[in-house]
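The values are calculated or read from the model by the stated rules, or taken from the named source; none is laboratory data. These numbers were taken from a predicted model, which means no experiment stands behind them. Using ideal geometry, Cβ is built from the backbone for each residue, glycine included, and neighbour counts are taken over all protein chains shown.
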Amino acid sequence: MATGPAPAETRPEDARLTDGGYLGFVLAMGLSALGDAAWYVTLAWTVTADTGPARAGAVLALASLPRLVTLLGAGAVVDSVGPRRVMAGADLARCSVMALAAAGALALGPGVPLLVAAAAGLALFGAFFIPASGSLRAGLLPDRHLVRGNALYLGALRGGQAAGGPLGGVLMALGGIPLVAAVNAVTYAVSALAVLRVRNRGGRSAEAAAPAPAADPDTSRPAGAGAATPERRPSLAARIGEGLKAVAAAPRLRAVITVIGLTEFAGAGPINIGVALMASRNGSAAAGAGLLLTAFTVGAAAGFLLSLVWPARRRAGRVLVVGTLGQTLCLVGLAWAPTTVAALAPYAGLGLVSALVGTVLVSCVQRWAPEAVRGRVVSIQALLIFGAAPLGNLVIGVLVEWAGMTWALLLHALVALTAVGTVLLTPLLRQARLD
């Protein structure tokens, strides 16, 4: 029997970015990032005041370790349980951690052990939130809005992180650690509510919208197909292995994950502690480091805005080529910048290209990862991103001590140039489209 056209809300060409509550979802995620940043600024200030800078750095690094250790397993849980439930559960768990931290700080005082335990709890549950978020957005956004939706989401996170520092100082002055923790608990509760309220898009294809059966990595058939007896549920290690095999077996996934690792490592050190090292080299101390970080943030905001109004869909591959080349040139420019003022433009450029390239790379992973293993693939991507920061900080510190700031930055530029070569030599990336 002939049927009429599909309802407007189910056609991808008619779907809007704001359909399904996505805008409210993004705003809630930005609010959560704001509360999180306020908490970590307060945490860093308190631990540094009590233990000194060197010990504080080691303590905070250890507190973040649960996230790195748990990420791959968390991705497997996301694929088994579903991203929405995992994401909401992680937010509620972090809300509980913050509520307990607020109560503990009121009852016992804001001691360093309490604060570090709370930070470790946030890192642990954050490991589940990250792959769940990436996997969920792929189901919420129609293909044509994937790049713009990711730009909006990532821009909200970056904006929340930027505003969280000043907010943390205000809350600390008003009510101390208990107030900061309580406010952060509220933001996590709002985030969980937004996750539960947001609706999947009708614009996704039936294949992408329907749950896919777990694939047998050796036969590419649904697990157990043709088997005479039911198979046992694979272990967590086996499910993690399936995600790693999925990346290794798919040329474009393998290439995009490689580029993510190279670009993140090339930029992590120069952006994180590099601003302090650059300011120190040029004699401008803390004020100069703040200016450089502001330049990077402004550049990143411009990049997310550009991706929002001019999304790289058909031009995704060209954006990857130009963006990775831009990262290389910015790092070379930083290496030879004689003053802090001269370094402002390269840092702004790094922010711009990191936003543009990062949005495209995230969208490629979401689009190309099979739904059955999407959470695990996103967790691999996240492990590279979050692992790049401590490794990059360590490497640039060693390189500066060994060869000086100029050569350290030039070596980072060489890593970025390797990313350029990877994109150029991989037609699946060079010609990538996200329309």
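Residue by residue, here is whether (1) surrounded by 21 or more Cβ atoms within 10 Å (Cβ to Cβ); (2) closer than 18 Å to A345 by Cα; (3) among the β-branched types (V, I, T); (4) outside the structural domain of I396 (by TED's automatic domain parsing) holds:
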{"site": "V275", "(1), (2), (3), (4)": "yes, yes, yes, no"}
{"site": "M278", "(1), (2), (3), (4)": "yes, yes, no, no"}
{"site": "R281", "(1), (2), (3), (4)": "no, yes, no, no"}
{"site": "G290", "(1), (2), (3), (4)": "no, yes, no, no"}
{"site": "L293", "(1), (2), (3), (4)": "no, yes, no, no"}
{"site": "S307", "(1), (2), (3), (4)": "yes, no, no, no"}
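Filter the stretch 247-269 down to the residues that are more than 18 Å from the chain's Cα centre (by Cα) and in contact (Cβ under 8 Å) with a residue 40 or more places away in the chain and list them by number. Result: V247, A250, P251, R252, A255.
Before we move on, is A279 at pLDDT below 95, farther than 24 Å from L152 by Cα and part of a helix (DSSP H, G or I)? Against the criterion (at pLDDT below 95, farther than 24 Å from L152 by Cα and part of a helix (DSSP H, G or I)), A279 qualifies. Is at least one residue of the stretch 390-413 surrounded by fewer than 21 Cβ atoms within 10 Å (Cβ to Cβ) and under 30 Å from L140 (Cβ atoms)? No.
D50 meets all of the listed conditions (1) surrounded by fewer than 21 Cβ atoms within 10 Å (Cβ to Cβ); (2) out of contact with any helix residue (DSSP H, G or I) (no Cβ under 6 Å at 6 or more places or on another chain); (3) at pLDDT below 85 but one, namely (2). Within the stretch 67-87, being assigned to a helix (DSSP H, G or I) and more than 10 Å from F128 (Cα to Cα) holds for L68, V69, D79, S80, V81, R84, R85. In the stretch 408-428 there is no residue matching the filter, namely being under 22 Å from the mean Cα position of the chain (by Cα), of a type outside the set (V, I, T) and either modelled with pLDDT under 95 or more than 30 Å from A61 (Cα to Cα) (or both). Based on what the data block shows, is R376 at pLDDT below 95 and more than 24 Å from A301 (Cβ to Cβ)? No. Here E264, E242 are screened, and the one residue that is touching a strand residue (DSSP E or B) at 6+ places or on another chain (Cβ under 9 Å) and either assigned by TED's automatic domain parsing to the domain that holds A372 or more than 18 Å from T359 (Cβ to Cβ) (or both) is E242. Scanning the stretch 284-303 for residues that are touching a residue at least 40 places away in the same chain (Cβ under 8 Å) and either among the β-branched types (V, I, T) or outside any helix (DSSP H, G or I) (or both) yields a total of 3.
If the condition is being in contact (Cβ under 8 Å) with a residue 24 or more places away in the chain, closer than 18 Å to L277 by Cβ and surrounded by 24 or more Cβ atoms within 10 Å (Cβ to Cβ), then the stretch 328-376 contributes L331, L334, A343, Y347, L350, G351. Please find, within the stretch 414-435, the residue that is nearest to R148 (Cα to Cα) out of those that are buried (at least 21 other Cβ atoms within 10 Å of the Cβ) and of a type in the set (G, A, S). Here the residue is A432. Of the residues D143, D91, D79, the single one that is surrounded by fewer than 22 Cβ atoms within 10 Å (Cβ to Cβ) and acidic (D, E) is D143. If you check A210, A182, A214 for being at pLDDT 90 or above and of a type in the set (A, V, I, L, M), only one passes: A182. Within the stretch 103-125, the presence of a residue that is within 18 Å of L308 (Cα to Cα), in contact with a helix residue (DSSP H, G or I) (Cβ under 9 Å, 6 or more places away or on another chain), assigned to a helix (DSSP H, G or I) and not β-branched (V, I, T) is excluded. Selection of the stretch 222-245 for residues being touching a Pro at 6+ places or on another chain (Cβ under 6 Å) and at pLDDT 75 or above yields E242, K245.
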